[in-house]
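The structure under discussion appears below in the form of C-alpha cells.
No value in this document is a laboratory result; all are computed from the given coordinates. Only a predicted model underlies this, so the values are computations on that prediction, with no experimental measurement involved. Using ideal geometry, Cβ is built from the backbone for each residue, glycine included, and neighbour counts are taken over all protein chains shown.
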Amino acid sequence: MLSRQIAAKLQEYETPFYLYDVALLRQTLESLMSIASKYDYKIHYAIKANYDARLLQIIREYGVGIDCASGNELRCAIEAGFDPKQIVYAGVGKRDKEIRYAIEQGILAINCESIEELHLVNELAGEAGRVVSVALRVNPDIDPKTNHCIDTGQADSKFGISYEEILSQVDDIKSLMNIQVIGMHIHIGSQIRELHVFENMCNKVNAIVANLTQLGFELEFVDVGGGLGINYDMPENEPIPNFASVFAIIKQHLKVGARSVHFEFGRSIVGQCGELITKVLFNKTTATGRRLVIVDASMTELIRPALYGSYHNIENITSEEEQRLKYTIVGTACESTDVFDENVSLPITKRGDLLTIKSAGAYGMSMASCYNQHDLPGAVYSDTL
Ligand code: LLP
C-alpha cells in the first residue's frame, strides 16, 4: 500500500500514469539472477511485457538477454544496448524486412515457427551471404492451465511447428544450407500458477530433444520460454515471484545433457513493479442501482480486464473516509467492456481521489493504444518522487 506521503506527491502528476517501483524491480532481478546463476540458466527478458526505456536500462544492468516478437522490439533492444548474442526472436508472422534485420544484427537465434519460415530465413540468409542460427519452435501440445486467451502450446494453437510436421520434414530442414538449427524452443503460455505444468513441459521437452538429437540435429540450447505467473489477487503477499520453485522443478525434471537452458520471462520480471494511477472523474448510479466510479484511465492504458476478463486489485490511495462501499470502476473509453472491476470495496470515493490499479507493470503500457485519440500515459519512477 502506498504511503499517504507518496500518495500526496502523486497528486502533482497528470493522470493517468504508470508508477514504477524501481527498488522492487531491482530486488526481483537480484532474486531471479542469483538463483539462475546457481544453475547456469540463461535469462531473456520478454520485452513485449514492457519496453519502458528506464526499466530496460535497469534490466540490462543485470546481464539479462532479450526475447523479442517483432523487428521493432529487436531494434528497441539493440538501441537499449542489449547484446545481440543474447537476443532471440520468435513470432508466427515475421515480415521479410524483420528477418533481414535480425540476420544483419547477428542475434543468437531466430526462433522459427513454420517450415515456410525456415525456407524464407534460409533464402534471406543466402542473399546476405550468411549462415544463420535458428531454433525450432515446437508446439508441444500442453495445457498450461491458464486463461485460454493466453495459452500458446496446445495442439490447435497458431504458435510453433507441430512435432509431427518437424518429423516429416527432417530431410527438408537439413537440406537448408544457410541455416543452422542450434536450438529448440517452446513457450506454452502465460500467467501459469500451477507449477506442476512445468514438470509436464520438461517431460515433453526431454522426449523432443532426445528425438531431434537422434535425427541428427546438433542442439546447443533448449529455450523453455516464459510463463511464470504472478499474484494478481494479493500482490503485497508475493511481490517477487517464486523463481526458486520453478528452477527447482526444471532442474529436477529437464534432462537435456550439457545443452544450455534458456528462459524468457516477461510478466514475472516487471508485473508487480508497475501500477496504474488514475483519478476519479465522476460518480453516478445506474437505474439498476449500480454505483459507478468513472476514472480518467481506460482500456487504452490497461486493456487486460477488457480483453481477457483479467483481475487487477484496485485501491483508493487518497480517501480518508472510514465507511466502505461497493463500486464498479469504469474507464473513459467509448466501449461497454471498458470496466476495470465490479463490486470493488473502497472507502467512500469522490471526484479527485486517486486510485491505483495494481500489478500492471507487464502488458499494461506495452498494450496501450490511442483509441478515442487518448494520449498515451506517462511514467513516474519511485526513486524520483
Ligand atoms: N516467450 C514467448 C515466445 C512469448 O510469446 C511470451 C509471451 C513470453 C516469452 C513471455 O511470457 P510471460 O513470462 O510474460 O508470461 N498480453 C497477455 C500476455 C501475452 C503473452 C504473450 N507471450 C496478458 O496481458 O496477460
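Condition check ((1) farther than 30 Å from residue 312 by Cα; (2) touching a strand residue (DSSP E or B) at 6+ places or on another chain (Cβ under 6 Å)) across all residues:
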residue	(1), (2)
246	no, yes
259	yes, yes
272	no, no
275	no, yes
State the number of residues belonging to segment 219-258 that are within 16 Å of the ligand (Cβ to nearest atom) and either outside any loop (DSSP other than H, G, I, E, B) or not polar (S, T, N, Q) (or both).
22
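Can you name every residue in segment 253-265 that is touching a helix residue (DSSP H, G or I) at 6+ places or on another chain (Cβ under 9 Å), surrounded by fewer than 24 Cβ atoms within 10 Å (Cβ to Cβ) and in contact (Cβ under 8 Å) with a residue 40 or more places away in the chain?
Kept after step one, since they are touching a helix residue (DSSP H, G or I) at 6+ places or on another chain (Cβ under 9 Å), are these residues of segment 253-265: 253-257, 259, 261, 263, 265.
Add one more test, that the residue is surrounded by fewer than 24 Cβ atoms within 10 Å (Cβ to Cβ), and what stays is 253-257, 259, 261.
Selection gives 253, 254, 255, 256, 259, 261.
Going through segment 34-57 one residue at a time, which ones are of a type outside the set (D, E, K, R) and over 14 Å from residue 266 (Cα atoms)?
Once the filter is applied, which keeps residues that are of a type outside the set (D, E, K, R) and over 14 Å from residue 266 (Cα atoms), segment 34-57 yields 34, 35, 36, 37, 39, 41, 53, 57.
Every residue, every condition in (1) away from the ligand (no atom under 16 Å from the Cβ); (2) more than 22 Å from residue 317 (Cβ to Cβ); (3) surrounded by fewer than 19 Cβ atoms within 10 Å (Cβ to Cβ), yes or no:
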position: 16; (1), (2), (3): yes, no, no
position: 21; (1), (2), (3): yes, no, no
position: 29; (1), (2), (3): no, yes, no
position: 34; (1), (2), (3): yes, yes, yes
position: 38; (1), (2), (3): yes, yes, yes
position: 41; (1), (2), (3): no, yes, no
position: 56; (1), (2), (3): no, yes, no
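Do we have any residue at all in segment 2-10 that's of a type in the set (A, V, I, L, M, F, W, C), under 26 Å from residue 300 (Cβ atoms) and under 18 Å from the mean Cα position of the chain (by Cα)? It would help to see each step written out before you state the result.
Step one: filter segment 2-10 for residues of a type in the set (A, V, I, L, M, F, W, C), giving 2, 6-8, 10.
Narrowing further to those that are under 26 Å from residue 300 (Cβ atoms): 2, 6-7, 10.
Still in the list and also under 18 Å from the mean Cα position of the chain (by Cα): none.
No - not one qualifying residue is present in segment 2-10.
Select, from 151, 143, the only residue that is free of Cβ contacts under 8 Å to residues at least 60 places away in the same chain, under 30 Å from residue 315 (Cα atoms) and either in contact with a strand residue (DSSP E or B) (Cβ under 8 Å, 6 or more places away or on another chain) or not charged (D, E, K, R) (or both).
Numbers: 143 fails: under 30 Å from residue 315 (Cα atoms).
Result: 151 is the single residue among 151, 143 that is free of Cβ contacts under 8 Å to residues at least 60 places away in the same chain, under 30 Å from residue 315 (Cα atoms) and either in contact with a strand residue (DSSP E or B) (Cβ under 8 Å, 6 or more places away or on another chain) or not charged (D, E, K, R) (or both).
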I need the full set of residues from segment 287-327 which are within 22 Å of residue 2 (Cα to Cα) and hydroxyl-bearing (Ser, Thr, Tyr), in order please.
298, 311, 318, 319, 327
If you go through 327, 308, the only one that is within 16 Å of the ligand (Cβ to nearest atom) and aromatic (Phe, Trp, Tyr) is 308
